[in-house]
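Report on the structure given below.
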Amino acid sequence: MTIHLQQEPRTAGGGIDAAITDVLTLAWRAPFYRRRWGRRPSGAGTEALSRLPVIAVEDWQRAIRRDPAQVLAGMPALWTLVGCAGRDVWTPLAHADLVASSAQAASALRKAGIHDGDRIFSVLPAAPSSWNALPYLILRSDLAVEFLTVSLETLRLKPDLAAFPISRDPTVLLTSRQAMMELVQLIGALPSGARTVFYGDAADPDPGVSLAALPGCLAPGSRPSGTWCFDPFVMLPEIIVEGASSIEGASGAAGALLPVGDAPVGTTGSLVITTFSQAGPLIRVATGIRLQTPSPKTWISTSTSDIRGTQVARRASVTNAS
Amino acid sequence: MPMAYYEPGIECASAGDLRAAQDAALAGGLIRRAMASALYRSLWQAAGVDPDAVRQVDDLRRLPYISGSILRQAWATYDPDDILCTRDVRTWFATSGTTGAPKWTPYGRAEVDLLQRTALRVFYMCTGGTEGLRCLVFGTPAPFISDGAGYFSLFGQIERGVRIEYVLTSYSVEQARVALRLVTARRPDAIIAFPSVALRLAEMIVAEAPAGALAAYRKDHTLRNLAAVLATRVIQISARHVLGARVGIFAGETLAPFREPLSRSYGLEPFELYAMTEFPCFHLDCREHAGMHLWVDTCVPEVITHAELTREEVHGTAPQAIPLLDAPAGTTGELVLTTFTEALPLIRYRTSDLVEVVATDRCGCGRTHPRVRILGRRDDLINMGLIRFSTVELETRLQALPAEAAPAAWQIHIVREGYKPRPILQVVPGPGVDAARLATAAKQTLLDIPVLRAGCDVGIVLEPLVSIVDRIAEERTWSGKPRRVIDRSGTSAAASMPHPAGPGGRV
């Protein structure tokens, strides 16, 4: 199945280029990239990135299985598992990433329609899933919501644990579709009056899913108008155009690989991501997720976050009314 | 390991300063804020309490106690917003509900801050505060507080610029397996877990290490993997070889029966942590291992002595409590807490935890906060550490058996084989009941209790046994009540205590 994803236009290009230059310098510290790149990336920003090979996500996983230190470019604070096209991918995040992830997670929830004052009955998986961290990230953010979280692992043993959260009249039910189905079986009925916000795998074609995780990111992306939006300072998407070279062949075959923002409308291909974790960035990692660039539409992000450094800096609003 | 304090001015304050801090918290409006809660309002009005008259620890005796059942009743009776003392509730955690409905506790920013602060204190206590440590945390999934414990520690450390690496996972064997592949390479310095879960993991490592090493080598022909295969042929691989942690923080069940096997399996120094969902604060035994320090700057702990508990049961009189700071060493009784939290302060909350006051003077570690040992629980709990359920649940299920398989009487014994608990249910057949049929039905009844079934499935509790007896050997509690739960699972240390029972720190 194909998903739709769009990239914020490069109106914030200078910032992004600097961020890419920084993350490539950082990534060069990791043996994983040294071995694959052979030499330090030359040039700067997107231009330097465009010369680097694409790496399959399986290679990343294999390297972690052999020795997790291979992928580390800095000290990790947290290792988390992120679902990606049906497989779980270990992602190391640095202390600064966690600070930034709080604001990014709050932003994603706002785009999914969650606002201050909402009372959220959430059904989330146990650690080390990245979804497990969501309420704790939001606790540190300026999004003033109330979380009542349960897990299916616990509800299977004690379904009555759902009674109190439901009695609180939650305004939002945050769940995956699969978890919701099991929840209904376990407790009989869902909270009435709560709007449901589904989270899931970014590869999930279900149009009802409005929050999705991607490897390399702790904060989810959102799909406010049918198209996935990830903060470009969290994840920079590229597309291997369908019908062009395979992933392996894409190494050095830059013509087959386009930034999602530059791809013609309706281009179909597979998603390659670059993320900015200060502990273990993913640089041009092919996810196996098929995507199609959508028709131009209003970019609804009101702000983006700069993940460089330990403080989250707010950037100016970015709007594209094309 | 160097002695390290996170807040030396508080952790090592004089007894006088600690008392003054407690008095200041009470004089600072704690009781007036609590009076706004429906939990206390009618109770205190009935008792004629003037909240402004409670300004120091000695004044607390004017206030009635509350208990877990009063707390539960309040949540069932009132609008939760009428119980809360703040509008800033950000998240909730629940108890497991082993003695009734689960108790949900609100956490606002103040509660999160307290958790983070005390997480840092306990971290410094057992690790010396060294930057760059690696921690492996086994939590229980939401809505339990241990789901968040790793995050609270991590975020507290980030705020204070202390950089520690975490792998968080949950207690299930499957999740542990997933995390193990990663942590064997990251070699954690510290493990935070339930003792029984940590030991189950250690068993798993012993059993699976040879095949696991071989499989890894077949997949990746690295020198490291080859060395691992060769090692499994020369020595029995244990958790200490695979993980190499030097510190373990254990919570949720009494550490005593597990202390020695944990040290042996992991080669680590075990520390015992006491925490409860209702009071977001972590307490730990220090490196002297002479009781857990209760942080008295965050609460006023009191003890209702066994003599007072007996008077209460026999004569129905309201028991008196002694402030813990005034209790002589060796005092045993029920722990009562008044907490300085904001979302819902607990005022004179009877925890049902039985404690022994170890000492109230300065500890060898330099800290001055009093030290206690948890002896057990007062309530009717079938407690096998992480796995616990109410006698009421078992009674209800046994009563539901058909007449031809119904017991006339029962008693459950908890014994320990190695470090694992095993429940043995003694049943007396009713008139005309076929003993064999009763034995089968009673065993199935036990296994139908989901939490016990899960404990058996993951291997932290041994399969229950049923024994048919002519009569139940009567045992009575210290106050004369017949005992339905006979706990023989204590170690020599626990057995020397007046009322050996299961639970220790609970999360």
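The values are calculated or read from the model by the stated rules, or taken from the named source; none is laboratory data. What you see is a predicted model, and the numbers here were worked out from it, not measured in a lab. So basically every Cβ, Gly included, is an ideal-geometry build from the backbone, and we count neighbours across all protein chains shown.
Of note:
- Reported count of residues in the stretch B:132-177, each being closer than 27 Å to B:E203 by Cβ and aromatic (F, W, Y), is 4.
- Any hit, the stretch B:81-101, residues being modelled with pLDDT under 95, outside any helix (DSSP H, G or I), of a type in the set (K, R) and within 21 Å of the chain's Cα centre (by Cα): no
- Scanning the stretch A:107-117 for residues that are buried (at least 23 other Cβ atoms within 10 Å of the Cβ) and within 14 Å of another protein chain (Cβ to nearest Cβ) gives A:L109, A:I114.
- Any hit, the stretch B:113-129, residues being outside any helix (DSSP H, G or I), more than 10 Å from every other protein chain (Cβ to nearest Cβ), surrounded by fewer than 22 Cβ atoms within 10 Å (Cβ to Cβ) and at pLDDT below 90: yes
- Any chance B:A24 is touching a residue at least 24 places away in the same chain (Cβ under 8 Å), of a type outside the set (K, R) and either surrounded by 19 or more Cβ atoms within 10 Å (Cβ to Cβ) or not in a loop (DSSP other than H, G, I, E, B) (or both): no
- Looking at A:P215, A:P205, A:P224, just one residue is surrounded by fewer than 19 Cβ atoms within 10 Å (Cβ to Cβ) and within 15 Å of the chain's Cα centre (by Cα), and that residue is A:P224.
- So B:L344, is it out of contact with any Asp or Glu (no Cβ under 7 Å at 6 or more places or on another chain), surrounded by 21 or more Cβ atoms within 10 Å (Cβ to Cβ) and assigned to a loop (DSSP other than H, G, I, E, B): yes
- Residue check, B:E269 farther than 20 Å from B:D353 by Cα, modelled with pLDDT of 95 or more and among the acidic types (D, E): yes
- Selection status of A:I240, in contact with a Ser or Thr (Cβ under 6 Å, 6 or more places away or on another chain) and either of a type in the set (V, I, T) or farther than 28 Å from A:V57 by Cα (or both): yes
- Of all residues making up the stretch A:57-93, the number that are surrounded by 21 or more Cβ atoms within 10 Å (Cβ to Cβ) and facing another protein chain (nearest Cβ under 9 Å): 10
Per-residue answers, yes or no, for (1) surrounded by fewer than 23 Cβ atoms within 10 Å (Cβ to Cβ); (2) within 19 Å of A:R110 (Cβ to Cβ):
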site: A:P135; (1), (2): no, yes
site: A:D142; (1), (2): yes, yes
site: A:S167; (1), (2): yes, no
site: A:M180; (1), (2): yes, no
site: A:S192; (1), (2): yes, no
site: A:V209; (1), (2): yes, yes
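- Screening B:F138 with (1) under 26 Å from B:Y6 (Cα atoms); (2) touching a Pro at 6+ places or on another chain (Cβ under 6 Å) gives one miss only, at (2).
- Meets criteria (away from every other protein chain (no Cβ under 14 Å), part of a loop (DSSP other than H, G, I, E, B) and over 26 Å from A:V82 (Cα atoms)) for A:R40: yes
- Of the helices (runs of 4 or more DSSP H) that lie entirely inside the stretch A:128-193, those containing 2 or more residues that are more than 21 Å from the chain's Cα centre (by Cα) span A:152-155, A:163-167, A:177-187.
- Residue within the stretch B:319-326 that is small (G, A, S) and under 20 Å from B:E272 (Cα atoms) present: no
- Restricting attention to the stretch B:1-14 and to residues that are of a type in the set (A, V, I, L, M) and at pLDDT below 95, the residue that is farthest from B:C299 (Cα to Cα) turns out to be B:M1.
- Taking each residue of the stretch B:203-226 that is within 14 Å of chain A (Cβ to nearest Cβ) and looking for partners that are assigned to a helix (DSSP H, G or I) and among the hydroxyl-bearing types (S, T, Y) with beta-carbon atoms closer than 8 Å, six or more apart or interchain, yields B:A213/B:T232; B:N225/B:Y217; B:L226/B:Y217.
- Top-ranked residue of the stretch B:423-436 - restricted to ones that are surrounded by fewer than 19 Cβ atoms within 10 Å (Cβ to Cβ) and not hydrophobic (A, V, I, L, M, F, W, C), ranked as modelled with the highest pLDDT: B:D434
- On the stretch given as the stretch B:49-64, residues that are closer than 17 Å to B:I304 by Cβ, not basic (K, R) and not in a loop (DSSP other than H, G, I, E, B) total 3.
- Search result, residues across the stretch B:65-79 that are touching a strand residue (DSSP E or B) at 6+ places or on another chain (Cβ under 8 Å) and either assigned to a loop (DSSP other than H, G, I, E, B) or without any contact (Cβ under 8 Å) to a residue 60 or more places away in the chain (or both): B:Y65, B:W75
- The requirement of being touching a Pro at 6+ places or on another chain (Cβ under 7 Å), more than 27 Å from B:P143 (Cα to Cα) and surrounded by fewer than 22 Cβ atoms within 10 Å (Cβ to Cβ) is satisfied by B:A185.
- Only one of the numbered conditions (1) at positive phi; (2) in contact (Cβ under 8 Å) with a residue 12 or more places away in the chain is violated by A:K111, and that is (1).
- Boolean, A:A212 is modelled with pLDDT under 95 and part of a loop (DSSP other than H, G, I, E, B): no
- Across the stretch A:124-147, the qualifying residues are those that are more than 9 Å from every other protein chain (Cβ to nearest Cβ) and of a type in the set (A, V, I, L, M, F, W, C), and the one among them that is farthest from B:P141 (Cα to Cα) is A:L143.
- In the stretch B:143-180, residue farthest from the chain's Cα centre (by Cα) [restricted to those that are basic (K, R) and either at the interface with chain A (Cβ under 7 Å from one of its Cβ atoms) or part of a helix (DSSP H, G or I) (or both)]: B:R163
- Residue list for the stretch B:365-411, filter: surrounded by fewer than 18 Cβ atoms within 10 Å (Cβ to Cβ), more than 25 Å from the chain's Cα centre (by Cα) and not in a strand (DSSP E or B): B:G366, B:T396, B:R397, B:Q399, B:A400, B:P402, B:A403, B:E404
- Beta carbons closer than 9 Å, at least 6 apart along the sequence or on distinct chains, pair a first residue in the stretch A:117-137 that is on the phi > 0 side of the Ramachandran plot with a second that is among the small types (G, A, S) for A:G117/A:A144.
- Picking from residues in the stretch B:457-466 that are out of contact with any helix residue (DSSP H, G or I) (no Cβ under 6 Å at 6 or more places or on another chain) and surrounded by fewer than 18 Cβ atoms within 10 Å (Cβ to Cβ), the one that is farthest from B:R416 (Cα to Cα) is B:D457.
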